[in-house]
Amino acid sequence: MAYTLGQIAAKEAAVQPTEPIQEIRERLSKAGSVVVLTGAGISAESGVPTFRGADGLWKNFRAEDLATPEAFARDPRLVWEWYNWRRELIATTQPNPGHQAIAEMEARHERFLLITQNVDGLHRSAGSRKLLEIHGNIWLVRCTACGLVEENRDVPIALPPSCRACRGLLRPHIVWFGEALDEKTLDQCMGALASCDVLLIVGTSGVVYPAASFAPIAKAAGAFVAELNLDPTPQSPLVDVSIRGRAGHLLPQLLQEGAAPDRQP
Ligand code: BV8
Ligand code: ZN
């Protein structure tokens, strides 16, 4: 039987391996439970510098040098000046289409959890509520003497900041290198990773633990794991699908019902 050119093209299209973005879209549409893990890359398009990329320096300081209890004990004013600089910058930023797409994903999935390493608060501003900020939040301060935690949106915060309850020295309510994550928060992450059908990892270099262990944990538990990231990462070879690209461009495509994926501009 002779096929027309149109029939041949249709047959070829039918056997094309689904585009990676289409595969993730299909997995999400069938998923009972979805977990999303984000890092600094999702806030890059909002103007928030990343930690390790090309622009990955915060005012010429490496996070590993200043985001530590030792640095704060040695020079609390320097650490607070660094956080004031970041607060001032983050205060001028808005969520981008990547943050908004994840908030929409939460609305579409009954069982959903967003785990973010970011401290900028942009996911909450975009409407995400089923959210664990595992490294804390730059708008929260904690008293080093009595442990009081409260929101403080002063930009800049007057230095040295003191606790309104006991006058103790305040610190950012952020998890620094060498500090343990909140146990309950970590348990919630582990529970979600052990039972999710899809783990979507967006905008993280996958080098900071324990977040860097979440992909293999979910994979071992049987989840479909996908990565959306500008650069390849140590977890790229481990995941089922890894797509190079900008979060603000790729994430909204995951929400388009059945649309043909458009190519990177
Ligand atoms: C813990 C808060 C145990 C600070 C952060 C030696 C001594 C002590 C500890 C360790 C050690 N060796 C290893 C460790 C463990 C350590 C660790 O992992 N270190 C690394 C550096 C090796 N981890 C810890 O210390 C953790 N705690 O292990 O505790 C313990 C147990 C009991 C008792 C005591 C201790 C705590 C880790 C938390 C550290 N705090 N942040 C602050 O922000 O002020 S981590 C910091 O890095 C940020 O939170 C950030 O989110 C995180 C990870 O970075 P990324 O988000 O991935 O950002 P990065 O710039 O690296 O990558 C961005 C990616 O996006 C890039 O790949 C880029 O290609 C991509 N991208 C860019 N633009 C876009 C994009 N993608 C898409 N679209 C775009 N437009
Ligand atoms: Zn206090």
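Taking the charge dipole of the chain about its Cα centre, with +1 at Lys and Arg Cβ atoms and -1 at Asp and Glu Cβ atoms, the residue from Phe112, Leu238, Val198 reaching farthest to the positive side is Phe112. When DSSP beta bridges are restricted to pairs lying wholly in the chain, around 30% turn out antiparallel. Other residues with beta-carbon under 12 Å from the beta-carbon of Gln94 carry, at +1 per Lys or Arg and -1 per Asp or Glu, a net charge of -2. Stretching Glu23 away from Glu257 to a fully extended chain increases their span by 83.0 nm, per 0.36 nm per residue minus the current alpha-carbon distance. From the alpha carbon centroid of segment 187-264 to that of segment 57-121 is 19 Å.
With a Cα cut-off of under 27 Å and a minimum spacing of 8 residues unless on different chains, the lysine pairs in the chain number 6. Compared with the dominant principal axis of the Cα atoms in the chain, helix 97-108 is inclined by about 70°.
When you filter the GluC sites (Glu not before Pro) in segment 94-184 for DSSP loop state and at most 16 other Cβ atoms inside 10 Å of their Cβ, you are left with Glu110, Glu179. Remark on Ala145: its backbone amide H falls under 5 Å from those of Leu169, a criterion applied only to residues 5 or more positions apart or on other chains, H modelled at 1.01 Å from N. Angle of helix 5-15 to the longest C-alpha principal axis of the chain, folded into 0 to 90 degrees and rounded to 10: 40°. Helix 76-90 and the longest principal axis of the C-alpha atoms of the chain enclose an angle of approximately 40°.
Values in this text are rule-based calculations from the coordinates and carry no lab data. Model, not experiment: these values are computed from the prediction. Virtual Cβ from ideal backbone geometry, glycine too; neighbours counted across all protein chains shown.
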